[in-house]
Amino acid sequence: MRTDPAPSLSDAELRRFGRHLVLPEFGIEGQRRLKAGSALLIGLGGLGSPAALYLAAAGVGRIGLVDADVVEETNLQRQIAHGYAVLGKPKIDSARTRMLDLNPDLVIERHRMRLDLENAVELISQYDVIIDGTDNFPTRYLVNDTCVKLGKPNVFGGVLRFDGQLSVFDARHGPCYRCIFPEPPPIEFSPNCAEAGVLGVMPGVIGCLQATEAIKLLAGIGTPMIGRMLIYDGLDLSFNTMRIAKDSDCRVCSKASEDIVLTETVMVCAAPVGGTIRAEALQGRLDAQEPLIIVDVRSPDEWLTGRIPGSIGFPKPELEKALAQANGAPLSGLPMDQDIIVACQSGMRSSASIKFLVAAGYDPKRLFNLEQGMSAWPGHVTF
Amino acid sequence: MAVILVPSSLRRYSDQQSRLSLSAGTIAEALARFAERSKDLQNHLFAGKTLRNFVVVCKNGKDIRLLNGMETPIGDTDEVQIIASVAGG
């Protein structure tokens, strides 16, 4: 895709973008195309932060920002568009200030909301290039499906732990996200960054690459990552590019635009086992001094952020190992005839741990997963 | 022996190794051999005998769906990359 060049660049713009203008592949025409172009950044977190700054600095003419969140201290390990001075302020405002400082000619449109079924088409239809900087599967599928329906390129980035992924999904010329990953993983296989962790610089690398792809698309230069996916391994420092295939039976991009019906993606557990308990209900049972055992399966480092009073620390890998060695016998401190509450950071590892407990002979009726884990426990530090 | 490239999210099953060498004649054999390391891993990669649809496998940088799927042959110099979908941002 190429946008039509804007009529002219001001003297200030000619000075600011001088390093672009001397690039023969880019030149003044590329810069004018950027100025005429527009991009929608969905999510201003780890990916969206660097992407927003570089797109602003590069001279994209109009940028939409979609994010409903405010800046929190735990964001600052990776979300570099924000800082201590703006804690508690909306991320779209924080990012806007930084972006305008880099490029005062930029037009920024703030959308303080979450992308949802009601607003997706209206928002995405207004921009040339869409940048997926979201942090959850349901929104990623909504971004994809809407982009396919509207014929928009979706610059995809994803990170977790030390892994990063990048692609450009443009169903007019290649596969869409659903061609590659038709459905999200069940909840127990899809930890988020708060649960599994992420090295702060990982979204920095991938967010910058997303900005690169968006700039290429708008300026009409280079070869976009359509039909390819970059796999970045931060621990090995390797970049591998994979050729990925369009699925002729894709439930979204094989259809005509008018036949694509946007739907909500619901995350489900593969096979939930045991019961669940909310933080308030658990507090009530503790206040009533009911006999119960609380097992915290997070890692010892995570315990430093706070523990439920009286809980037993039993990291998930050690719990699994102990259960495997117990041959069906109850573990020390975990009798089979009492209610056991299992907790982790967000409820995923604890859910998996409950399966191991059941497989080892514990009664599923006596096992309860703390819903949303420690992130829902009052006073606990959340990420 | 062929090499399996393991994403960091699955390295708890590979003793934290990013590359595992193993003998296998096809992608199916390689993944089966890898999955033998843990029931949890088996469950992560497969629903019964079917590769889960949030896991992509590539041989030498090419999605096996562009080749011969799970029956794609592999040899000693081939690299098999496992890609798990990640949503973090």
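Read-outs: derived from the displayed coordinates by stated rules, not from any lab. Just so you know, these numbers come straight off a predicted model, no measurement behind them. Cβ coordinates were reconstructed from backbone atoms using ideal geometry, including for glycine residues, and neighbour counts include every protein chain displayed.
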Legend entry - Unit Cα scatterers, Debye sum, the range A:20-108: log10 I(q)/I(0) for q = 0.12, 0.13 Å⁻¹: -0.37, -0.42
Legend entry - Expected 222 nm ellipticity per residue - DSSP helices of 4 or more, -39500 (n - 2.57), all of chain A, to 500: -9000 deg cm²/dmol
Legend entry - the range A:1-49 versus the range B:14-55: alpha-carbon centroid distance in Å: 45 Å
Legend entry - Estimated D of chain B in µm² per second, where Rh is the Kirkwood radius over Cα pairs and Stokes-Einstein applies at 25 °C, 0.890 mPa s: 189 µm²/s
Legend entry - Other-chain or far-sequence residues with amide H under 5 Å of B:Gly88's (modelled H): A:Val159
Inset, instruction - Could you pull out every residue, at least 5 positions away or on a different chain, whose amide H is within less than 5 Å of the one on A:Gly45? Hs are placed 1.01 Å off N in the peptide plane, and Pro or chain starts have none. - result: none
Legend entry - HN-Hα J in Hz across the range A:221-233 - Karplus 6.51, -1.76, 1.60, θ = phi - 60°, x for Gly and Pro: 10, x, 10, x, 7, 7, x, 9, 10, 8, 10, 9, 10
Legend entry - Selected from A:Gly157, A:Gly43, A:Gly274 as most flexible by GNM, with chain A as the system and alpha-carbon contacts under 10 Å: A:Gly274
Legend entry - Averaged over A:340-352, number of beta-carbon atoms from partner chains that fall within 10 Å: 0
Inset, instruction - Enumerate the calculated ³J(HN,Hα) couplings along the range B:28-42 in order (Karplus 6.51 cos²θ - 1.76 cosθ + 1.60, θ = phi - 60°), each rounded to whole Hz, writing x wherever the residue is Gly or Pro. - result: 4, 5, 4, 5, 4, 5, 5, 5, 4, 5, 6, 4, 4, 5, 3
Legend entry - Span from the the range A:305-367 Cα centroid across to the the range A:96-128 one, whole angstrom: 45 Å
Legend entry - Within 10 Å of each Cβ in A:45-51, the average number of Cβ atoms from other chains: 1
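If you count, for every residue in B:78-86, the Cβ atoms of partner chains within 10 Å of its Cβ, what is the mean?
Taking all residues of B:78-86 together, the mean is 6.
Taking only C-alpha pairs under 8 Å that are 6+ residues apart, what is the relative contact order of the range A:64-129 in percent?
Relative CO of the range A:64-129 lands at 41 percent.
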Inset, instruction - Using Cα pairs closer than 8 Å and at least 6 residues apart in sequence, work out the relative contact order for chain B, in percent. - result: 38 percent
Legend entry - Helix A:48-58 vs. chain A, principal-axis angle (Cα, 0 to 90°, nearest 10): 10 degrees
Legend entry - Pairs from A:Lys246/B:Lys39; A:Lys355/B:Lys62; A:Lys152/B:Lys62; A:Lys316/A:Lys365; A:Lys355/B:Lys49 whose Cα-Cα separation, in the structure shown, is over 27 Å: A:Lys246/B:Lys39; A:Lys355/B:Lys62
Inset, instruction - Compute the distribution of all C-alpha to C-alpha distances in the range A:244-383, in bins of 5 Å from 0, and list the percent of pairs in each, rounded to whole numbers. - result: 2, 9, 18, 19, 15, 10, 6, 5, 6, 5, 3, 1, 0
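Among the DSSP beta bridges whose two residues both lie in the range A:183-322, what percent are antiparallel, rounded to the nearest 5?
Just about 75 percent of them are antiparallel.
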Legend entry - Whole-number D in µm² s⁻¹ for the protein assembly as shown, Kirkwood Cα-pair radius fed into Stokes-Einstein, 10 °C, 1.306 mPa s: 67 µm²/s
Legend entry - Most mobile listed residue (A:Arg33, A:Arg112, A:Arg19) in chain A, GNM with C-alpha springs under 10 Å: A:Arg19
Legend entry - Within the protein assembly as shown, percent of DSSP bridges classed antiparallel, to nearest 5: 50 percent
Inset, instruction - State, as an integer percentage, the relative contact order of the range A:66-188 based on alpha-carbon contacts under 8 Å between residues 6 or more apart. - result: 17 percent
